[in-house]
Amino acid sequence: MSVSPKFDIKEAYLKFLRDDPEMTMPVAAIEALLTMLKIQQPSTSSELIRLLDDATKQLKSSVSNAISLSAGCDMFMRFVLRNLHLYSDWESCKKHLVENGQLFLQRAKDSRNRIAKVGINFINDDDTILVHSYSRVVLSLLEYAKSRFVRFRVFATEACPDKGENNGIKMARLLKKMGISVCLIPDSQVGFVINKVDKVFMGAEGVSESGGIINHMGSFQIGVLAKNANKPVYVVAESHKFVRMFPLAQDDLPPEMGTKLIFTTDLDEGLVDHPNVDFTPHQYITALISDLGVLTPSAVSEELIKMWYD
(Lines give C-alpha, C1' and ligand atoms only; values in the text may rest on other atoms or scores of the structure.)
Protein backbone atom coordinates (compact mmCIF):
# COMPACT_ATOMS: atom_id res chain seq x y z
CA MET A 1 0.00 0.00 0.00
CA SER A 2 1.31 3.47 -0.88
CA VAL A 3 0.52 6.79 0.77
CA SER A 4 -2.89 8.04 -0.35
CA PRO A 5 -2.90 10.97 -2.79
CA LYS A 6 -5.32 12.69 -0.39
CA PHE A 7 -2.42 13.22 2.00
CA ASP A 8 0.85 14.65 0.68
CA ILE A 9 3.47 13.76 3.28
CA LYS A 10 6.11 16.01 1.72
CA GLU A 11 3.78 19.02 1.60
CA ALA A 12 2.71 18.44 5.22
CA TYR A 13 6.38 18.27 6.27
CA LEU A 14 7.26 21.49 4.40
CA LYS A 15 4.18 23.24 5.81
CA PHE A 16 5.27 22.51 9.39
CA LEU A 17 8.71 23.96 8.61
CA ARG A 18 7.16 27.07 7.00
CA ASP A 19 4.68 27.66 9.83
CA ASP A 20 7.33 27.39 12.54
CA PRO A 21 10.84 28.53 11.51
CA GLU A 22 12.19 27.28 14.86
CA MET A 23 11.08 23.70 14.19
CA THR A 24 13.87 21.25 13.33
CA MET A 25 13.68 18.80 10.41
CA PRO A 26 13.27 15.63 12.54
CA VAL A 27 10.48 17.19 14.63
CA ALA A 28 8.68 18.33 11.46
CA ALA A 29 9.03 14.80 10.04
CA ILE A 30 7.58 13.23 13.22
CA GLU A 31 4.69 15.73 13.21
CA ALA A 32 3.95 15.03 9.53
CA LEU A 33 3.94 11.24 10.14
CA LEU A 34 1.68 11.64 13.17
CA THR A 35 -0.73 13.82 11.19
CA MET A 36 -0.80 11.17 8.45
CA LEU A 37 -1.77 8.50 11.00
CA LYS A 38 -4.70 10.63 12.19
CA ILE A 39 -5.96 11.17 8.63
CA GLN A 40 -5.29 7.83 6.94
CA GLN A 41 -6.79 5.53 9.61
CA PRO A 42 -5.09 2.20 8.67
CA SER A 43 -7.25 -0.85 9.43
CA THR A 44 -4.49 -3.32 10.43
CA SER A 45 -1.05 -3.16 12.01
CA SER A 46 0.65 -4.42 8.83
CA GLU A 47 -1.12 -1.70 6.83
CA LEU A 48 0.10 0.87 9.36
CA ILE A 49 3.72 -0.29 9.04
CA ARG A 50 3.55 -0.26 5.22
CA LEU A 51 1.99 3.20 5.32
CA LEU A 52 4.74 4.57 7.57
CA ASP A 53 7.46 2.83 5.58
CA ASP A 54 6.23 4.31 2.27
CA ALA A 55 5.85 7.77 3.81
CA THR A 56 9.35 7.80 5.31
CA LYS A 57 10.84 6.68 1.98
CA GLN A 58 9.01 9.52 0.21
CA LEU A 59 10.26 12.06 2.75
CA LYS A 60 13.87 10.87 2.64
CA SER A 61 13.97 10.86 -1.17
CA SER A 62 12.41 14.33 -1.48
CA VAL A 63 14.94 16.20 0.70
CA SER A 64 18.55 16.65 -0.43
CA ASN A 65 20.22 16.68 3.00
CA ALA A 66 18.09 14.15 4.86
CA ILE A 67 20.35 13.12 7.75
CA SER A 68 18.42 14.67 10.64
CA LEU A 69 15.10 14.02 8.88
CA SER A 70 16.03 10.31 8.60
CA ALA A 71 16.87 10.22 12.30
CA GLY A 72 13.42 11.61 13.18
CA CYS A 73 11.62 9.19 10.83
CA ASP A 74 13.56 6.17 12.12
CA MET A 75 12.96 7.12 15.74
CA PHE A 76 9.21 7.52 15.19
CA MET A 77 9.06 4.18 13.34
CA ARG A 78 10.84 2.53 16.26
CA PHE A 79 8.38 4.16 18.69
CA VAL A 80 5.43 2.72 16.72
CA LEU A 81 6.93 -0.77 16.49
CA ARG A 82 7.62 -0.85 20.23
CA ASN A 83 4.02 0.14 21.05
CA LEU A 84 2.09 -2.00 18.56
CA HIS A 85 2.11 -5.18 20.65
CA LEU A 86 0.99 -3.51 23.92
CA TYR A 87 -2.76 -3.53 23.13
CA SER A 88 -5.18 -6.41 22.68
CA ASP A 89 -7.48 -4.78 20.11
CA TRP A 90 -6.68 -2.63 17.08
CA GLU A 91 -8.96 0.34 17.91
CA SER A 92 -7.34 0.81 21.33
CA CYS A 93 -3.94 0.47 19.69
CA LYS A 94 -4.67 3.22 17.12
CA LYS A 95 -6.06 5.55 19.78
CA HIS A 96 -3.10 5.11 22.11
CA LEU A 97 -0.56 5.34 19.30
CA VAL A 98 -1.83 8.80 18.40
CA GLU A 99 -2.03 9.91 22.06
CA ASN A 100 1.42 8.57 22.92
CA GLY A 101 2.72 9.93 19.62
CA GLN A 102 1.70 13.41 20.74
CA LEU A 103 3.61 12.94 24.00
CA PHE A 104 6.61 11.65 22.05
CA LEU A 105 6.42 14.72 19.79
CA GLN A 106 6.12 17.10 22.75
CA ARG A 107 9.19 15.59 24.41
CA ALA A 108 11.13 16.11 21.17
CA LYS A 109 10.02 19.75 21.06
CA ASP A 110 10.94 20.32 24.72
CA SER A 111 14.44 18.89 24.27
CA ARG A 112 15.93 22.29 23.41
CA ASN A 113 14.87 23.72 26.79
CA ARG A 114 16.29 20.70 28.64
CA ILE A 115 19.59 21.06 26.78
CA ALA A 116 19.84 24.74 27.72
CA LYS A 117 19.49 23.88 31.42
CA VAL A 118 22.22 21.23 31.14
CA GLY A 119 24.55 23.25 28.91
CA ILE A 120 24.60 26.42 30.98
CA ASN A 121 27.02 24.66 33.36
CA PHE A 122 29.63 24.79 30.58
CA ILE A 123 29.47 28.59 30.14
CA ASN A 124 31.28 30.79 32.65
CA ASP A 125 31.61 34.53 33.19
CA ASP A 126 34.11 36.18 30.84
CA ASP A 127 34.18 33.19 28.44
CA THR A 128 35.04 33.71 24.79
CA ILE A 129 33.08 31.17 22.76
CA LEU A 130 33.46 30.14 19.12
CA VAL A 131 30.31 29.04 17.26
CA HIS A 132 30.07 27.72 13.70
CA SER A 133 27.13 28.39 11.37
CA TYR A 134 23.51 28.75 12.52
CA SER A 135 22.23 26.26 15.07
CA ARG A 136 18.87 26.69 16.81
CA VAL A 137 19.90 24.61 19.80
CA VAL A 138 23.22 26.47 20.28
CA LEU A 139 21.35 29.78 19.94
CA SER A 140 18.82 28.62 22.55
CA LEU A 141 21.63 27.64 24.95
CA LEU A 142 23.40 31.01 24.58
CA GLU A 143 20.09 32.87 24.97
CA TYR A 144 19.39 30.96 28.19
CA ALA A 145 22.89 31.73 29.52
CA LYS A 146 22.34 35.43 28.75
CA SER A 147 19.00 35.35 30.58
CA ARG A 148 20.81 33.90 33.62
CA PHE A 149 23.16 36.92 33.58
CA VAL A 150 26.24 35.00 32.44
CA ARG A 151 28.61 37.44 30.70
CA PHE A 152 30.43 36.11 27.64
CA ARG A 153 31.40 37.05 24.09
CA VAL A 154 31.19 35.09 20.86
CA PHE A 155 33.25 34.59 17.72
CA ALA A 156 30.81 33.55 14.97
CA THR A 157 32.15 32.09 11.73
CA GLU A 158 30.75 33.24 8.41
CA ALA A 159 30.09 29.56 7.60
CA CYS A 160 30.93 29.31 3.91
CA PRO A 161 30.13 27.63 1.58
CA ASP A 162 26.53 28.48 2.28
CA LYS A 163 24.65 28.40 -1.04
CA GLY A 164 23.24 31.87 -0.42
CA GLU A 165 21.70 31.22 3.01
CA ASN A 166 24.26 33.23 5.05
CA ASN A 167 23.84 31.02 8.12
CA GLY A 168 26.84 32.46 9.95
CA ILE A 169 25.70 36.04 9.38
CA LYS A 170 22.19 35.05 10.52
CA MET A 171 23.62 33.55 13.74
CA ALA A 172 25.67 36.68 14.45
CA ARG A 173 22.68 38.96 13.85
CA LEU A 174 20.38 36.97 16.17
CA LEU A 175 23.02 36.90 18.93
CA LYS A 176 23.45 40.67 18.67
CA LYS A 177 19.68 41.14 18.96
CA MET A 178 19.86 39.26 22.27
CA GLY A 179 22.49 41.72 23.50
CA ILE A 180 25.41 39.28 23.18
CA SER A 181 28.73 40.74 21.94
CA VAL A 182 29.73 39.09 18.66
CA CYS A 183 32.74 39.21 16.37
CA LEU A 184 31.89 37.80 12.92
CA ILE A 185 34.93 36.20 11.26
CA PRO A 186 35.57 34.42 7.95
CA ASP A 187 36.15 30.67 8.24
CA SER A 188 39.78 31.13 7.19
CA GLN A 189 40.40 33.24 10.33
CA VAL A 190 39.59 30.46 12.84
CA GLY A 191 43.26 29.50 13.20
CA PHE A 192 44.13 33.14 13.90
CA VAL A 193 41.60 33.50 16.77
CA ILE A 194 41.63 29.98 18.24
CA ASN A 195 44.08 30.91 21.03
CA LYS A 196 41.71 33.71 22.10
CA VAL A 197 38.84 31.20 22.44
CA ASP A 198 37.98 29.36 25.68
CA LYS A 199 35.67 26.76 24.13
CA VAL A 200 33.80 25.82 20.95
CA PHE A 201 30.08 25.11 20.65
CA MET A 202 28.63 23.47 17.54
CA GLY A 203 25.29 22.00 16.57
CA ALA A 204 24.90 18.90 14.40
CA GLU A 205 22.84 17.71 11.47
CA GLY A 206 23.34 14.21 12.82
CA VAL A 207 25.35 12.41 15.50
CA SER A 208 26.76 9.10 14.26
CA GLU A 209 27.05 5.83 16.19
CA SER A 210 30.76 6.46 16.76
CA GLY A 211 30.04 9.81 18.45
CA GLY A 212 31.30 11.81 15.47
CA ILE A 213 29.08 14.47 13.97
CA ILE A 214 27.82 15.41 10.52
CA ASN A 215 27.50 19.19 10.43
CA HIS A 216 27.95 22.29 8.29
CA MET A 217 31.08 22.33 6.13
CA GLY A 218 34.07 23.59 8.12
CA SER A 219 33.18 21.83 11.40
CA PHE A 220 35.95 19.24 10.88
CA GLN A 221 38.71 21.80 10.42
CA ILE A 222 37.51 23.73 13.49
CA GLY A 223 37.65 20.47 15.48
CA VAL A 224 41.22 19.83 14.31
CA LEU A 225 42.34 23.38 15.14
CA ALA A 226 40.65 23.29 18.56
CA LYS A 227 42.26 19.96 19.49
CA ASN A 228 45.66 21.23 18.42
CA ALA A 229 45.16 24.31 20.63
CA ASN A 230 43.77 22.23 23.56
CA LYS A 231 40.37 23.94 23.42
CA PRO A 232 37.27 21.88 24.33
CA VAL A 233 34.68 21.27 21.60
CA TYR A 234 31.11 20.76 22.83
CA VAL A 235 28.49 19.47 20.40
CA VAL A 236 24.98 20.58 21.34
CA ALA A 237 22.38 18.27 19.78
CA GLU A 238 18.99 16.72 20.51
CA SER A 239 18.81 12.94 20.92
CA HIS A 240 16.41 12.72 17.96
CA LYS A 241 19.42 13.61 15.79
CA PHE A 242 21.30 10.43 16.77
CA VAL A 243 21.55 8.45 13.53
CA ARG A 244 22.40 4.84 12.77
CA MET A 245 25.38 5.66 10.58
CA PHE A 246 29.03 4.78 11.11
CA PRO A 247 31.17 6.96 8.79
CA LEU A 248 34.92 6.82 9.40
CA ALA A 249 35.97 9.60 7.03
CA GLN A 250 34.56 12.21 4.63
CA ASP A 251 34.28 9.72 1.77
CA ASP A 252 31.92 7.54 3.83
CA LEU A 253 29.15 10.16 3.79
CA PRO A 254 26.19 9.36 1.47
CA PRO A 255 26.78 10.68 -2.08
CA GLU A 256 23.52 12.66 -2.09
CA MET A 257 25.03 15.12 0.40
CA GLY A 258 27.10 16.77 -2.29
CA THR A 259 28.66 16.44 -5.67
CA LYS A 260 32.13 15.36 -6.71
CA LEU A 261 34.90 17.92 -6.71
CA ILE A 262 35.86 18.87 -10.26
CA PHE A 263 39.33 19.69 -11.55
CA THR A 264 39.36 21.69 -14.77
CA THR A 265 41.50 23.98 -16.92
CA ASP A 266 38.41 25.84 -18.16
CA LEU A 267 38.99 29.56 -17.42
CA ASP A 268 35.22 30.17 -17.43
CA GLU A 269 34.61 27.58 -14.72
CA GLY A 270 34.04 29.31 -11.39
CA LEU A 271 33.46 27.85 -7.93
CA VAL A 272 32.19 24.30 -8.41
CA ASP A 273 29.14 22.92 -6.69
CA HIS A 274 30.22 21.58 -3.33
CA PRO A 275 29.08 19.42 -0.42
CA ASN A 276 27.59 21.50 2.37
CA VAL A 277 28.34 19.12 5.27
CA ASP A 278 31.41 17.32 6.56
CA PHE A 279 32.17 14.66 9.18
CA THR A 280 34.01 15.39 12.42
CA PRO A 281 35.34 12.17 14.05
CA HIS A 282 34.74 11.54 17.75
CA GLN A 283 38.37 12.19 18.78
CA TYR A 284 37.91 15.92 18.10
CA ILE A 285 34.83 16.19 20.31
CA THR A 286 35.10 16.72 24.07
CA ALA A 287 31.48 16.01 24.98
CA LEU A 288 27.94 15.99 23.61
CA ILE A 289 25.37 18.11 25.43
CA SER A 290 21.94 16.60 24.79
CA ASP A 291 18.51 16.24 26.37
CA LEU A 292 19.76 12.89 27.72
CA GLY A 293 22.46 14.74 29.67
CA VAL A 294 26.17 15.20 29.02
CA LEU A 295 27.56 12.27 27.02
CA THR A 296 31.02 11.23 25.97
CA PRO A 297 31.18 10.48 22.23
CA SER A 298 31.48 6.73 22.99
CA ALA A 299 28.19 6.83 24.95
CA VAL A 300 26.19 7.65 21.80
CA SER A 301 26.27 4.03 20.60
CA GLU A 302 25.01 2.91 24.02
CA GLU A 303 22.09 5.36 23.80
CA LEU A 304 21.25 4.16 20.28
CA ILE A 305 21.25 0.56 21.52
CA LYS A 306 18.82 1.57 24.31
CA MET A 307 16.58 3.36 21.81
CA TRP A 308 16.47 0.49 19.33
CA TYR A 309 16.89 -2.73 21.28
CA ASP A 310 15.68 -2.23 24.87
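Being of a type in the set (Ser, Thr, Tyr) and assigned to a helix (DSSP H, G or I) is the filter here; which residues of segment 26-43 pass it?
Residues of segment 26-43 of a type in the set (Ser, Thr, Tyr): 35, 43.
Answer for segment 26-43, where residues must be of a type in the set (Ser, Thr, Tyr) and assigned to a helix (DSSP H, G or I): just THR35.
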Original post:
Quick one: what pairs do we get from segment 211-222, first residue in a strand (DSSP E or B), second among the small types (Gly, Ala, Ser) and open to solvent by 20 Å² or more (accessible area, probe 1.4 Å), C-beta under 6 Å, 6+ apart or different chains?
Top reply: none
Original post:
Are there any pairs with C-beta distances below 7 angstrom linking a residue in segment 172-195 that is more than 16 Å from SER133 (Cα to Cα) to a residue that is open to solvent by 40 Å² or more (accessible area, probe 1.4 Å) and among the acidic types (Asp, Glu), with the two at least 6 apart or on different chains, and if so which?
Top reply: MET178/GLU143
**OP:** Answer yes or no: is there a residue in segment 185-205 that is touching a Gly at 6+ places or on another chain (Cβ under 7 Å), assigned to a helix (DSSP H, G or I) and open to solvent by less than 40 Å² (accessible area, probe 1.4 Å).
**Re:** yes
**OP:** May I ask you to list the residues in segment 144-184 that are of a type in the set (Gly, Ala, Ser) and crowded, with 18+ Cβ neighbours inside 10 Å?
**Re:** ALA145, ALA156, ALA159, GLY168, ALA172
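Counting only residues that are aliphatic (A, V, I, L, M) and assigned to a loop (DSSP other than H, G, I, E, B), which one in segment 143-168 is modelled with the highest pLDDT?
Step by step, filter segment 143-168, then rank; the result is VAL150.
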**OP:** Just give me the residues in segment 111-137 being open to solvent by 30 Å² or more (accessible area, probe 1.4 Å), more than 23 Å from ASN195 (Cα to Cα) and without any contact (Cβ under 8 Å) to a residue 40 or more places away in the chain, in sequence order.
**Re:** ASN113, LYS117
**OP:** Please state which of the following conditions MET245 fails to meet, knowing it meets all the rest: (1) more than 16 Å from the chain's Cα centre (by Cα); (2) at pLDDT below 95; (3) part of a loop (DSSP other than H, G, I, E, B).
**Re:** (1)
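The values are calculated or read from the model by the stated rules, or taken from the named source; none is laboratory data. All values reported here derive from a predicted model rather than from experimental measurement. Glycine gets a Cβ as well: all are built from the backbone with ideal geometry, and neighbour counts include every protein chain shown. Accessible surface areas use protein heavy atoms only, side chains included; no ligands, DNA or RNA. Shrake-Rupley method; radii C 1.70, N 1.55, O 1.52, S 1.80 Å.
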